[in-house]
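Enquirer: Sending over a structure as structure tokens; questions will come in a sec.
The values are calculated or read from the model by the stated rules, or taken from the named source; none is laboratory data. None of these values were measured; they are calculated from a predicted model. A quick note on method: Cβ atoms are made from the backbone with ideal geometry, for glycine too, and the neighbour counts reach across all protein chains shown. Keep in mind that these areas ignore ligands, DNA and RNA; they rest on the heavy atoms of the full protein, side chains included. Shrake-Rupley method; radii C 1.70, N 1.55, O 1.52, S 1.80 Å.
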Amino acid sequence: MPFPLAAAVTLLTALLYAGCILLVGWARWRYGIKAPAIVGHPIFERAYRVQANTLEQMPVFLPSLWLAAWLYSDQVAAALGAAFIAFRILYAVLYLRAAQSRGIAYGPGALCMVALWALAVIGLLARL
């Protein structure tokens, strides 16, 4: 397999998102929020936003991860990808505690994603 580390990070990303789905399901059950409602208890609303924000970032994160792994370095891309996941977990924990604290983890996670994109561009330009 040419990119085993990027593949591992991709699987961890899927696990992260599955955890977000379970968290929202738990919050729906715990606080009696019936589908399709997306408002109700503040903890449910924050869990829902964690899931939605994670989903919103995946179309940028995953292609950037794979392109950086392919065009630059599997090891570097995987390290940045793993850091992104760690910051997403911290983001979730902080957001669930208090929405205003989420920025502590959001910024560094976004920088990891931007770095992956930049490495993909650098790798592509080096091949042109």
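Enquirer: Where Rh is the Kirkwood radius over the Cα pairs of the stretch 27-74, the temperature 10 °C and the viscosity 1.306 mPa s, what D in µm²/s does Stokes-Einstein return? Mind showing how you got there, number by number?
Expert: Values: Rh = 12.7 Å.
Translational D for this selection: 125 µm²/s.
Enquirer: Sticking with this structure for a sec: Say each of residue 93 and residue 29 gets a label point 7 Å from the Cα, pointing the same way as Cα to Cβ; how far apart are those two points in nm?
Expert: 2.3 nm
Enquirer: On the protein heavy atoms, probe 1.4 angstrom, tell me the percent of accessible surface of the chain carried by carbon and sulfur.
Expert: 74 percent
Enquirer: Hey, can you find the accessible area per residue of the chain for me, probe 1.4 Å, expressed in square angstrom?
Expert: Ligands and nucleic acids excluded, the figure is 56 Å² per residue.
Enquirer: Hey, how much of the P(r) for the chain falls beyond 19 Å, as a percent of Cα pairs?
Expert: 50 percent
Enquirer: How much length is gained if the chain between residue 1 and residue 86 is pulled fully straight, taking 0.36 nm per residue apart and subtracting their Cα-Cα distance, in nm to one decimal?
Expert: Extra length available between residue 1 and residue 86 comes to 28.1 nm.
Enquirer: So, one more: Quick one: if the Förster radius is 22 Å, what FRET efficiency do residue 21 and residue 104 give, using the C-beta to C-beta distance and rounding to 0.05?
Expert: My answer for the efficiency is 0.40.
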